[in-house]
Amino acid sequence: MESKTERQNDILSIIRGLDISPTLYDNAVEKYETLGNFLNEHGLDAEIYPQGSFAFGTVVRPSANDSSASYDLDFICQVNGSREEYSPDELRDKVESVLKSSKIYADRLKVDDKCFTIKYADEGEIGFSIDIVPAVDESPVIKSSLALECISPELLDTSIAIPQCTEKHSYRWITNNPKGLRSWFDNINAPYLDSSRKAERLRIFEENKAIFESVEEIPDALERSALQRVIQILKSHRNNYYAKLKDGKEIKPISAIITVAVAEIAENYHADCTVFELLDYALSELSIYAEHQRITESDFQRKYGNRNVFSHEEGKWYIENPANPRDNLADQWNVDARIPNRFFKWIEIAREDIIDSLAQKDDKKFRLILENGFGDTTVLGFLGEKYCRETVPQQINPQSAARPYRI
């Protein structure tokens, strides 16, 4: 049996391999900055900035067993002005028109109800796409009203309005705040980054000497804290777990729930922890919220104290977006009961696959658990044939054995 530490390191090597590489990171930054320059040079006064996993540093390759999978990177295209100056349809038409004015972007462009997607593919490296959501500044009146409802009103100044498609295929404005959410996340993540920065930057340098001439050249955005790794581990396991379910695409929990829930839990933990200490703690806390399915909100609070990452008041699930109090991340949980039911089952499976499996005495069984959790193709790609042979029990010599054996 390999040591627990070695098994942990092997899981981390899988997750690092599913992360965006320094080369692809630089490529993506160059592409979205070039796109921003193009838009501004063609009459669209706009700022393009990342949101979601690219902003949080929690990117994972989306499908563990799909060798053709690419990275989907999310960006906001915030056009100068506020919602009073545009209708949602006018804003979309304006951005789409500029994109289609370039053959380079027009040939790569896919238009759907939520965003504009530009697909890239690079030789020798997994491809990626940029999803662009058009936006304008949110109105001061709405920002002020949101501030009255939010526990962190200082985050709301960066609120934006984005077009949302209605059932009648027209658009309406909804409030979003990716910059505020990133600021909230970065504040929680900062001590975790600080505690591991020296070792993390040295690791990146040692693995990428062909790219960086010194540790100082490494962009801060490539560092990964224990908090970021825990989120990546759970997202990767989720992708593989739900891909095997018949209704997986319909009920797969959104990444924002994993990110916000784990970050809120991590805020009350010690930042000098290891990845697996934080993962163990986060999974334990998340499993407690499964009790919401069996007891009332008031009984839950009496039993478990001030735990409010999830609430289930009067049968309604609520997970607040810390940067937008009107955004219930669990909206779909209230539409489809399969989503919360399966979510908490997945949390149990994640613990069995990633935490409990570390104590599995047989290496081959550990390998099978690892493949079940992250995909056999992925595990083979990063670990080769390691753990594939059954552990052969060593013969014990009764004369030299410890006393408990001889009794």
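The values are calculated or read from the model by the stated rules, or taken from the named source; none is laboratory data. Nothing here was measured: the structure is a model prediction, and the numbers come from that model. Every residue, glycine among them, receives a Cβ derived from its backbone with ideal geometry; neighbour counts consider all protein chains shown.
Data for the structure
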{"quantity": "Residue list for the stretch 226-251, filter: without any contact (Cβ under 8 Å) to a residue 40 or more places away in the chain and either touching a Gly at 6+ places or on another chain (Cβ under 8 Å) or closer than 14 Å to Trp346 by Cβ (or both)", "calculated": "Lys244, Gly248"}
{"quantity": "Condition met for Val260 (part of a helix (DSSP H, G or I), under 13 Å from the mean Cα position of the chain (by Cα) and surrounded by fewer than 24 Cβ atoms within 10 Å (Cβ to Cβ))", "calculated": "yes"}
{"quantity": "Conditions (1) within 24 Å of the chain's Cα centre (by Cα); (2) in a strand (DSSP E or B): number failed by Asp186", "calculated": "(2)"}
{"quantity": "Close pairs (9 angstrom Cβ cut-off, 6 or more residues apart or separate chains): under 22 Å from Ser145 (Cβ atoms) in the stretch 159-174, in a loop (DSSP other than H, G, I, E, B) and among the hydrophobic types (A, V, I, L, M, F, W, C) anywhere", "calculated": "Ser159/Ala323"}
{"quantity": "Those residues of the stretch 233-255 which are of a type in the set (Val, Ile, Thr) and under 11 Å from the mean Cα position of the chain (by Cα), in sequence order", "calculated": "Ile233, Ile254"}
{"quantity": "Residue list for the stretch 139-164, filter: hydrophobic (A, V, I, L, M, F, W, C) and part of a strand (DSSP E or B)", "calculated": "Ile160, Ala161, Ile162"}
{"quantity": "Number of positions in the stretch 100-116 that are closer than 22 Å to Arg172 by Cα and either modelled with pLDDT under 90 or surrounded by 16 or more Cβ atoms within 10 Å (Cβ to Cβ) (or both)", "calculated": "2"}
{"quantity": "Long-range neighbours under 7 Å by Cβ, at least six apart or interchain, first residue farther than 17 Å from Ala55 by Cα within the stretch 112-139, second part of a loop (DSSP other than H, G, I, E, B) and at pLDDT 95 or above", "calculated": "Glu138/Ser159"}
{"quantity": "Search result, residues across the stretch 205-238 that are among the aliphatic types (A, V, I, L, M) and touching a Pro at 6+ places or on another chain (Cβ under 7 Å)", "calculated": "Ile211, Leu222"}
{"quantity": "Elements of type strands (runs of 3 or more DSSP E) contained in the stretch 277-349, each with 2 or more residues being touching a residue at least 24 places away in the same chain (Cβ under 8 Å) and not charged (D, E, K, R)", "calculated": "324-328"}
{"quantity": "Which listed residue is assigned by TED's automatic domain parsing to the domain that holds Tyr86, over 19 Å from Ser82 (Cα atoms) and polar (S, T, N, Q), from Thr158, Thr166", "calculated": "Thr166"}
{"quantity": "Tyr405 modelled with pLDDT under 95 and either of a type in the set (S, T, N, Q) or surrounded by 15 or more Cβ atoms within 10 Å (Cβ to Cβ) (or both)", "calculated": "no"}
{"quantity": "Test set (1) touching a Pro at 6+ places or on another chain (Cβ under 8 Å); (2) buried (at least 17 other Cβ atoms within 10 Å of the Cβ) - Tyr241 fails condition number", "calculated": "(1)"}
{"quantity": "Matching residues in the stretch 192-214 - criterion: being of a type in the set (D, E, K, R) and either assigned to a helix (DSSP H, G or I) or touching a strand residue (DSSP E or B) at 6+ places or on another chain (Cβ under 9 Å) (or both)", "calculated": "Asp194, Arg197, Lys198, Glu200, Arg201, Arg203, Glu206, Glu207"}
{"quantity": "Unmet criterion (only one of (1) assigned to a helix (DSSP H, G or I); (2) modelled with pLDDT of 95 or more) for Lys249", "calculated": "(2)"}
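So that you can scan it fast, the table gives a plain yes or no per residue for (1) in contact (Cβ under 8 Å) with a residue 60 or more places away in the chain; (2) touching a His at 6+ places or on another chain (Cβ under 9 Å); (3) more than 15 Å from Ile126 (Cβ to Cβ); (4) not in a loop (DSSP other than H, G, I, E, B):
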| site | (1), (2), (3), (4) |
| --- | --- |
| Glu2 | yes, no, yes, no |
| Thr5 | no, no, yes, yes |
| Tyr32 | yes, no, yes, yes |
| Leu73 | no, no, no, yes |
| Gln78 | yes, no, yes, yes |
| Glu84 | no, no, yes, yes |
